[in-house]
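One structure below.
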Amino acid sequence: MDILELNNISKIYGSVKALQNVNLTVTQGEWVAIMGPSGSGKTTMMNIIGCMDRPSSGEIYLNSKNITRLSLADLTTIRRDTIGLVFQQFHLISYLTALENVMMAQYYHSIIDEAEAIQALARVGLSDRAQHLPRQLSGGEQQRVCIARALINYPQLILADEPTGNLDEVNEAVVLDLFKQLHDEGSTIIVVTHDPEVAEYAQKTIVLEHGRISKIM
Amino acid sequence: MFRKMVKGALVRQKSKFIMIAFTVALGISLATAMLNVMFDVGDKVNQELKAYGANMNIVPRGSSLLSDLYEVDENYDIQAGAEKFLKEEDLPKIKMIFWANNIVDFTPYLQIQVKIGQEKADLVGTWFEKNFKLPTGDEFSTGILPLKPWWDIDGQPGDDEILNKVMVGKELAEHFNLKPGDSFTVVTDRGERSLTVGSVFQSGGREDEQIYAPLQLVQNISGKEGLVQRVEVSALTTPENELARRAAQDPNSLSSLERDAWYCTAYISAIAYQIEEVIPEARVKAVWQVADSEGSILQKTQLLMLLLTFLILLCSALAISNLITASVMERSAEIGLMKAMGAGNISITLLILYEILIIAFSGGAIGYCAGIGFAQLIGHTVFASAVAVKGIVIPLIIILIMIITFLGSLPAIRILLSLRPSEVLHG
C-alpha cells in the first residue's frame, strides 16, 4: 500500500526552480533515501513531504489523501498525526530534560504520558539519561532523544534530515542501527542524506540533481 | 508541561525578561504616580486655590434678587434699607449639608458705616477665628483669618472674644495715622465707641479701606443682634460640567438619576443648593471667576497628567515591543520546533503571552510600589503634602499592564505567526 505519492511536484522560489516535476511513490514499511549534492532540492523535497511547505505545482498524496491544497493549519495537524521528524541538529529544547523533550511531542499531539515517554527513551537506550538536560548529553545521545521524540506518537512515516550529519562514526552506527530496528518493525522511513553509507541501508535511493530525480537505485 | 515550558523559558532568557520587567516597572511606576496624583490633584489644587478666597457668597434671598437685578453691590442695598439679614445661629448648618466635609471655611459679615471724626468709614463685623461645636459633636474652627491667609498682618490678629480690638486696613490706617496699639473713637447714630487697633493689615483689595471688628461688637453697635448680612464660603468643588450647568439653571429639569448624580457630586451648584436647603432664607451665589478658574486649572492639570501617562506607556510599549521581538527571534528555532511538533499558532501565542504577562505583572507590581513612592515625592515637592493612594488606580494599572503587554507583543506575535518551521529547522 502506498503511503506517499508525489506527482509532478515542482517548487519554484522566484526564478529558482528548487524542484522540477518530481515523481515518487513510497510504500508502507519502505526505507527510502534521498541523496544529492547541496542545492539539489533535498531539503525542499523533505519540507514538502513533511507538510512544512506546499508545492508550486503537482500533487501530493499522503495515505491516498490529496494534501496539496490544504492550509498550513491542516498540514500542521497531518504532520502532527502522521509524521515523526528527526533533524540533523537535533533541535532539543535546551531547558527541558530528555524526558520532557519527548513529552513535549506528546503534549502537542494529545496528552502527556510519562511512562510511555520513559519507554520511548528506553527503546533508544537512554532510560538512565531521562532527567538530563540536552547539554549534559553527547551528540549521539541527543540524536537518540530526537528519535525517541519522533517515535512517541507512533507516526506512520519517519522523516529524517541528515540524521547522522553531526555524529561521529560510533554514534552514526548506533543511530542507523536504531533506524534498522524501526524498519524491521514495519516503520516507513525517509532519510535525506548526502552520505552513501547511510543510503546503503535504504531499500530505495533517489538521487536529486538540480531539482530533478536523476537516478533511482 | 505548559508550566515547565514557561518556567524554563523564563529562566533561560532571564536577562531579557529582567529588562522587560524593568521597562514595565519604569512605565508603570510613572503611570501609577501620575494616576494617583491625577485623582488626588483635584483636592490638592483646590486646597491651593483656597488661598484665593471664597468661591461662594450666601446672602439673604431678597437682597440677592435686588443686587442681581440692579447689578449693585450686595452690601449696598442692605445698608440702604433693604433690611434683609441672615441669622447667625443658622450658620453652623452650613457644616451639616451632604458635602459638609468640602466646606473648608466660611465667615459672616455685618457692615455698617461709622464716623471717625468727621469722616465716614466702613466697620465690618466678622468672625476672626471662631470655634464651635457641630450637632454631630465635631468641633469646627472657621473665620476670616483662615479664609484669607494672604492678608499681611502687622500686629495682633483680631480676637472674637476681645470686642474692642479691631483690625484696620492699611489705607485707612495711613489715612487716619493709626498704628497697632492706638485707640480711636467711632461714632454711629446709636452713640460712640472707643476701639483699639490690634493690627494693621494689607489685603490688596477694598478691605484695606475698612475696619474689621468682632461680629458681636458690630451687632451691638448697630442693634442687629444675631444678624449677619452675608457669608463668604470656601468649598472644595468639582469642576462644573453640562449636568451641573443644567442643574444650576433649574434642578427640577433633571431626571431622578441625573439629579442623584448631580446631588452626590461636589459641584458648586450642588453645594449651593444644599446650603439653600438647610437655610431656606438664603440664596447662595457662586463666585464663578474663582470656581471657573479652579475647574479650568484642574482640568488642564489632569489632562496634562493623562497625556504624560499615555506618552510614558507608549514609550514603555515600544521598548517592550523591541525586547519581546528580540526574544522571539532568539527563540525562532524553538518556536519552529513546536510548530513542527504540531503546535498551533494559538497555543504558541498563548505560551509567549503567558510568559510576557508573568514578567509584566511582576514588573508592574514593583512599578506600582515605586509609583506610590513617586506620587508621595511629587505630593511633598509640589503640594507639600502626601498624595492619597487611590484604590481605583490598581485595576487601572492592571488594565494598562495588559494593554502595553499586548501592544508590545503584537510585532513579536506577527513574527511568530509567519514563522515557518521549514525556515528555521534545517541547518
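We did not get these values from a lab; they are worked out from the coordinates using the rules stated. The structure presented is a predicted model; accordingly, all values stated were derived computationally and were not measured. Every residue, glycine among them, receives a Cβ derived from its backbone with ideal geometry; neighbour counts consider all protein chains shown.
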Quick one: if the Förster radius is 60 Å, what FRET efficiency do B:Thr185 and B:Leu314 give, using the C-beta to C-beta distance and rounding to 0.05? 0.25
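Under unit Cβ charges (Lys, Arg +1; Asp, Glu -1), what dipole magnitude, rounded to 20 debye, does the protein assembly as shown have relative to its Cα centre? Walk me through the numbers before you get to the answer.
Numbers: 54 positive and 72 negative charges, 416 e Å.
With only Lys, Arg, Asp and Glu charged at Cβ, the dipole is about 2000 debye.
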With chain B treated as a Gaussian network of Cα nodes joined by springs under 10 Å, which of B:Ala340, B:Ala54, B:Ala370 yields the largest mean-square fluctuation? B:Ala340
Out of B:Pro395, B:Pro146, B:Pro280, any idea which swings most in a Gaussian network model of chain B, alpha carbons joined below 10 Å? B:Pro395
The set of residues whose placed amide H lies less than 5 Å from the amide H of B:Asp182, leaving out same-chain residues fewer than 5 positions away, is B:Val197
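What dipole magnitude, in Debye to the nearest 20, does segment B:284-371 give about its Cα centre under +1 on Lys/Arg Cβ and -1 on Asp/Glu Cβ? Spell out each step's value before the answer.
Working: 4 positive and 5 negative charges, 24 e Å.
Here segment B:284-371 has a charge dipole of around 120 debye.
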Over chain B, relative contact order from alpha-carbon pairs under 8 Å, at least 6 apart, %: 27 percent
What is the distance in Å between the Cα centroid of segment B:164-179 and that of segment B:182-201? 10 Å
With only Lys, Arg, Asp and Glu charged, each at its Cβ (+1 for the first two, -1 for the last two), find how big the charge dipole of chain B is about the Cα centre; round to the nearest 20 debye. 2960 debye
For chain B, build the charge dipole from Cβ charges (+1 Lys, Arg; -1 Asp, Glu) around the Cα centre, then report which of B:Leu410, B:Ala270, B:Gly125 sits farthest towards its positive end. B:Leu410
Could you let me know the centre-to-centre spacing of segment A:23-71 and segment A:92-170, using Cα atoms, in angstrom? 24 Å
Each residue of segment A:112-125 in order: what ³J(HN,Hα) in whole Hz does its phi give by Karplus 6.51 cos²θ - 1.76 cosθ + 1.60, θ = phi - 60°, with x for Gly and Pro? 7, 9, 4, 4, 5, 5, 5, 5, 5, 5, 5, 5, 9, x
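On full extension of the chain, what length is gained from B:Arg414 through B:Ser141, given 0.36 nm per residue of separation minus the C-alpha to C-alpha distance?
Working: separation 273, 0.36 × 273 = 98.28 nm, distance 6.43 nm.
Result for the pair: 91.9 nm of gain on full extension.
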Positive end of the charge dipole of chain A (Lys, Arg +1 and Asp, Glu -1 on Cβ, about the Cα centre): tell me which of A:Asn63, A:Gln131, A:Leu19 has its Cα farthest that way. A:Leu19
For chain B, set up a Gaussian network in which alpha carbons nearer than 10 Å are linked by springs, and say which option among B:Gly125, B:Gly336, B:Gly143 fluctuates the most. B:Gly336
Considering the options B:Ile312, B:Ser327, B:Ala286, tell which one lies farthest towards the positive end of the dipole of segment B:267-350, charges being +1 on Lys and Arg and -1 on Asp and Glu at the Cβ, about the Cα centre. B:Ser327
For the A:Asp2, B:Ile18 Cβ pair and Förster radius 56 Å, calculated FRET efficiency rounded to 0.05 is 0.55
Calculate the length of the line joining the C-alpha centroid of segment B:239-267 to that of segment B:363-392, in whole Å. 32 Å
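Where in chain B are the DSSP H helices whose C-alpha atoms run 20 Å or more along the long axis and whose mean Kyte hydropathy is at least 0.5?
Working: long enough: B:14-49 (49 Å, 0.84); B:288-330 (62 Å, 1.13); B:345-378 (45 Å, 1.69); B:393-418 (37 Å, 2.45).
Answer set is B:14-49, B:288-330, B:345-378, B:393-418.
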Express in nm, to one decimal, how much length is gained between B:Met1 and B:Leu407 on full extension, taking 0.36 nm for each residue of separation and deducting their alpha carbon distance. 143.4 nm
Between A:Lys180 and B:Ala326, what's the calculated FRET efficiency when r is the beta-carbon distance and R0 is 51 Å? Round to 0.05. 0.70
